[in-house]
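The values are calculated or read from the model by the stated rules, or taken from the named source; none is laboratory data. Keep in mind it's a predicted model, so treat the numbers as computed, not measured. In this analysis, Cβ positions are derived from the backbone assuming ideal geometry, glycine residues included, and neighbour counts consider all displayed protein chains.
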């Protein structure tokens, strides 16, 4: 798994993740999300277009991150989720909680506060 | 009378888990041995999680330098080993700091070095990065973790060369030990601890599906919770329980708690935290083990002993424990990480309580057939006799 963080001037942080989000990489992702969600009113968009697989540890991280963002008055959304990952989110019912945007652009628009 | 010093990192006698359960049983079953314990950890633990019998003469806390890698360097190992009491045998319970210190103490005292492994530390670390039962967690970067895994594999090969006897609690562990360089491994599969639980009192109208484990990623508690969320919909009266301490990985425990709420389990799933596991066996309808890696898990063994049917992932010796040999099955084995398969297997057992009860009955029979604590202790007694009389000794290799 590889990741890259883009902190945009509009306040949205885009976390691009590629590879598998599984227990083997959960510690790394936990640390990255922890930093992003520690900011006041975090707005985090995870670009999932290059994620091939998410296991239970990954689902747990996404759901917990979503909850933490909400508790801080912010948001954590997903973008570009591929069918295999969408299927896992559906099976685990995480799709009921997480907001998924078709692509990064529409996700950024949704997370950018109206001026 | 032989003097044996158990050298344990992070586990016995302060931290509950498989190693502590095994060590407690071993010490209790060999009362004529003069026992001492060297406990390696970064800070002294408070109290004794395992009650110590009178044959344990002393417990020495060996404070390790923190975050320097999984194995202390040579001067540190020598300094730690020098603090251990004199013994005929230094018996390490894990590869890493414990094996290095036990081997050094054995060389210093011209004593024997015995190594028993439960989980294989390097392989567990490569799966999830920790925390291991020793308390160790690798650094979060992939590169650092790879280095830790390599260090532990090197230490395993070194320990196997230096040891007068290498044992494993599982066939699966022994295979890994051989892959990592052990030339001679004796498998001593442990019996379940003595049971004191009362007769089962299952509520068939509200079945209780449980996972018994430390709440850490290696046990895939999140996978269990996701399976429970789907089971809850199909079995509206079912309840779910995670039995085990939450403090081994507090962040992961918090993630699991949040996940349970998020997937709508609400008060249908509870976490006991640290508890007397024994009290829960009579109430569990099914034990689920979603572990990603195991040796010979006590939870599965204890479930079988108490007549609780098991759904377990195909890790370690689980398939052999539940399905192997001439007796009928005691549970269902599913592929690792396959939540669908867990849901299907548990769902089938919830729908067929008689079949589930039959699996539980077979579990009891399998445990009885597997031997008792006395036979287990006799194997270790024979090893201690062999390595201290010289017939099993080899010249110590250079470090």
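Could you list all residues from region B:199-212 that are within 22 Å of the chain's Cα centre (by Cα) and either more than 14 Å from chain A (Cβ to nearest Cβ) or surrounded by fewer than 24 Cβ atoms within 10 Å (Cβ to Cβ) (or both)? Before you say what the answer is, go through the steps one by one.
Step one: of region B:199-212, the residues within 22 Å of the chain's Cα centre (by Cα) are B:209-212.
Answer for region B:199-212, where residues must be within 22 Å of the chain's Cα centre (by Cα) and either more than 14 Å from chain A (Cβ to nearest Cβ) or surrounded by fewer than 24 Cβ atoms within 10 Å (Cβ to Cβ) (or both): B:209, B:210, B:212.
Anything in region B:162-175 that is part of a helix (DSSP H, G or I), under 19 Å from the mean Cα position of the chain (by Cα) and surrounded by 16 or more Cβ atoms within 10 Å (Cβ to Cβ)? List them, or say none. Spell out how you get there, then give the answer.
Within region B:162-175, the first condition is being part of a helix (DSSP H, G or I), and the residues that meet it are B:162, B:171-175.
Imposing the further condition that a residue be under 19 Å from the mean Cα position of the chain (by Cα) reduces the set to B:171-175.
The answer is B:171, B:172, B:173, B:174.
May I ask you to list the residues in region B:322-348 that are over 21 Å from the mean Cα position of the chain (by Cα) and part of a helix (DSSP H, G or I)?
B:339, B:340, B:341, B:342, B:343, B:344, B:345, B:346, B:347, B:348, listed by residue number.
Here are some conditions: (1) surrounded by 15 or more Cβ atoms within 10 Å (Cβ to Cβ); (2) at the interface with chain B (Cβ under 9 Å from one of its Cβ atoms). Residue A:96 meets all but one. Which one does it not meet?
(1)
Condition test on residue B:222, is it closer than 19 Å to residue B:336 by Cβ, surrounded by 17 or more Cβ atoms within 10 Å (Cβ to Cβ), within 14 Å of chain A (Cβ to nearest Cβ) and free of Cβ contacts under 8 Å to residues at least 40 places away in the same chain? Outline the logic, then answer.
Numbers: closer than 19 Å to residue B:336 by Cβ: yes; surrounded by 17 or more Cβ atoms within 10 Å (Cβ to Cβ): yes; within 14 Å of chain A (Cβ to nearest Cβ): yes; free of Cβ contacts under 8 Å to residues at least 40 places away in the same chain: yes.
Taking the combined requirement at face value, the residue satisfies it.
For region B:103-144, how many residues are part of a helix (DSSP H, G or I) and touching a helix residue (DSSP H, G or I) at 6+ places or on another chain (Cβ under 7 Å)?
From region B:103-144, those part of a helix (DSSP H, G or I) are B:103-109, B:121-128, B:142-144; that's our starting set.
Imposing the further condition that a residue be touching a helix residue (DSSP H, G or I) at 6+ places or on another chain (Cβ under 7 Å) reduces the set to B:103-105, B:108, B:121-128, B:142.
The qualifying residues number 13.
For region B:301-321, name all the residues that are in contact (Cβ under 8 Å) with a residue 24 or more places away in the chain, more than 16 Å from residue B:221 (Cβ to Cβ) and outside any loop (DSSP other than H, G, I, E, B).
Scanning region B:301-321 gives B:301, B:302, B:303, B:304, B:305, B:310, B:318, B:320, B:321.
Listed residues A:88, A:46, A:51; which is away from chain B (no Cβ under 12 Å) and farther than 18 Å from residue A:11 by Cβ? If you could, list the steps in order and put the result at the bottom.
On the way: A:88 fails: away from chain B (no Cβ under 12 Å); A:46 fails: farther than 18 Å from residue A:11 by Cβ.
Result: A:51 is the single residue among A:88, A:46, A:51 that is away from chain B (no Cβ under 12 Å) and farther than 18 Å from residue A:11 by Cβ.
Restricting attention to region B:349-391, which residues are part of a loop (DSSP other than H, G, I, E, B) and under 20 Å from residue B:327 (Cβ atoms)?
At the first step, the residues of region B:349-391 found to be part of a loop (DSSP other than H, G, I, E, B) are B:352, B:370-372, B:390-391.
Residues satisfying the conditions are B:352, B:370, B:371, B:372.
Would you say residue B:233 is at pLDDT below 95, within 14 Å of chain A (Cβ to nearest Cβ) and surrounded by fewer than 20 Cβ atoms within 10 Å (Cβ to Cβ)? Can you show your working first?
Working: at pLDDT below 95: yes; within 14 Å of chain A (Cβ to nearest Cβ): yes; surrounded by fewer than 20 Cβ atoms within 10 Å (Cβ to Cβ): yes.
Spelling it out, residue B:233 is indeed at pLDDT below 95, within 14 Å of chain A (Cβ to nearest Cβ) and surrounded by fewer than 20 Cβ atoms within 10 Å (Cβ to Cβ).
Is there a residue in region B:176-198 that is in contact with a helix residue (DSSP H, G or I) (Cβ under 9 Å, 6 or more places away or on another chain), in a helix (DSSP H, G or I), surrounded by 20 or more Cβ atoms within 10 Å (Cβ to Cβ) and away from chain A (no Cβ under 14 Å)?
Scanning region B:176-198 turns up at least one residue that is in contact with a helix residue (DSSP H, G or I) (Cβ under 9 Å, 6 or more places away or on another chain), in a helix (DSSP H, G or I), surrounded by 20 or more Cβ atoms within 10 Å (Cβ to Cβ) and away from chain A (no Cβ under 14 Å).
Looking at the structure I just gave you, is residue B:119 away from chain A (no Cβ under 14 Å), on the phi > 0 side of the Ramachandran plot and crowded, with 21+ Cβ neighbours inside 10 Å? Talk me through it step by step, then tell me what you get.
Numbers: away from chain A (no Cβ under 14 Å): yes; on the phi > 0 side of the Ramachandran plot: no; crowded, with 21+ Cβ neighbours inside 10 Å: yes.
The answer is no for residue B:119.
When the residues of region B:236-258 are filtered to those that are in a loop (DSSP other than H, G, I, E, B) and touching a strand residue (DSSP E or B) at 6+ places or on another chain (Cβ under 7 Å), which remaining residue is farthest from the other protein chains (Cβ to nearest Cβ)?
The extreme case among them is B:245.
For region B:128-139, give me the residue count where each residue is buried (at least 18 other Cβ atoms within 10 Å of the Cβ) and either within 17 Å of residue B:103 (Cα to Cα) or within 14 Å of chain A (Cβ to nearest Cβ) (or both).
Summing the residues that are buried (at least 18 other Cβ atoms within 10 Å of the Cβ) and either within 17 Å of residue B:103 (Cα to Cα) or within 14 Å of chain A (Cβ to nearest Cβ) (or both) in region B:128-139 gives 8.
For region B:140-148, state whether one or more residues are within 14 Å of chain A (Cβ to nearest Cβ) and surrounded by 20 or more Cβ atoms within 10 Å (Cβ to Cβ). If you could, list the steps in order and put the result at the bottom.
The initial filter retains those residues of region B:140-148 that are within 14 Å of chain A (Cβ to nearest Cβ), namely B:140-146, B:148.
Now drop any that are not surrounded by 20 or more Cβ atoms within 10 Å (Cβ to Cβ), which leaves B:145, B:148.
Yes; the residues of region B:140-148 include at least one that is within 14 Å of chain A (Cβ to nearest Cβ) and surrounded by 20 or more Cβ atoms within 10 Å (Cβ to Cβ).
Taking the stated definitions as given, is residue B:254 within 24 Å of the chain's Cα centre (by Cα) and surrounded by fewer than 23 Cβ atoms within 10 Å (Cβ to Cβ)? So that I can check it myself, show each step before the final result.
Details: within 24 Å of the chain's Cα centre (by Cα): yes; surrounded by fewer than 23 Cβ atoms within 10 Å (Cβ to Cβ): yes.
Yes; evaluated as a whole, the condition is true for this residue.
When you go through (1) under 29 Å from residue B:127 (Cα atoms); (2) more than 9 Å from every other protein chain (Cβ to nearest Cβ); (3) crowded, with 16+ Cβ neighbours inside 10 Å one by one for residue A:101, which number turns out not to apply?
That leaves (1) as the condition not met.
Restricting to region B:67-102, name every residue that is within 21 Å of residue B:124 (Cβ to Cβ) and part of a helix (DSSP H, G or I).
Step one: of region B:67-102, the residues within 21 Å of residue B:124 (Cβ to Cβ) are B:67-72, B:91-102.
The answer is B:97, B:98, B:99, B:100, B:101, B:102.
Residues of region B:260-274 being part of a helix (DSSP H, G or I) and either modelled with pLDDT of 95 or more or within 14 Å of another protein chain (Cβ to nearest Cβ) (or both), which ones?
Hits for region B:260-274 are B:260, B:261, B:262, B:266, B:268.
Return the residues of region B:275-296 that are surrounded by 24 or more Cβ atoms within 10 Å (Cβ to Cβ) and at the interface with chain A (Cβ under 10 Å from one of its Cβ atoms); say none if nothing qualifies.
Once the filter is applied, which keeps residues that are surrounded by 24 or more Cβ atoms within 10 Å (Cβ to Cβ) and at the interface with chain A (Cβ under 10 Å from one of its Cβ atoms), region B:275-296 yields only B:290.
Determine if region B:72-92 includes at least one residue that is surrounded by fewer than 15 Cβ atoms within 10 Å (Cβ to Cβ) and closer than 15 Å to residue B:4 by Cβ. Reasoning before the result, please.
Of region B:72-92, the ones surrounded by fewer than 15 Cβ atoms within 10 Å (Cβ to Cβ) are B:73-75, B:79, B:82-83, B:86.
Pick out the ones that are also closer than 15 Å to residue B:4 by Cβ and you get B:86.
Yes, some residue in region B:72-92 is surrounded by fewer than 15 Cβ atoms within 10 Å (Cβ to Cβ) and closer than 15 Å to residue B:4 by Cβ.
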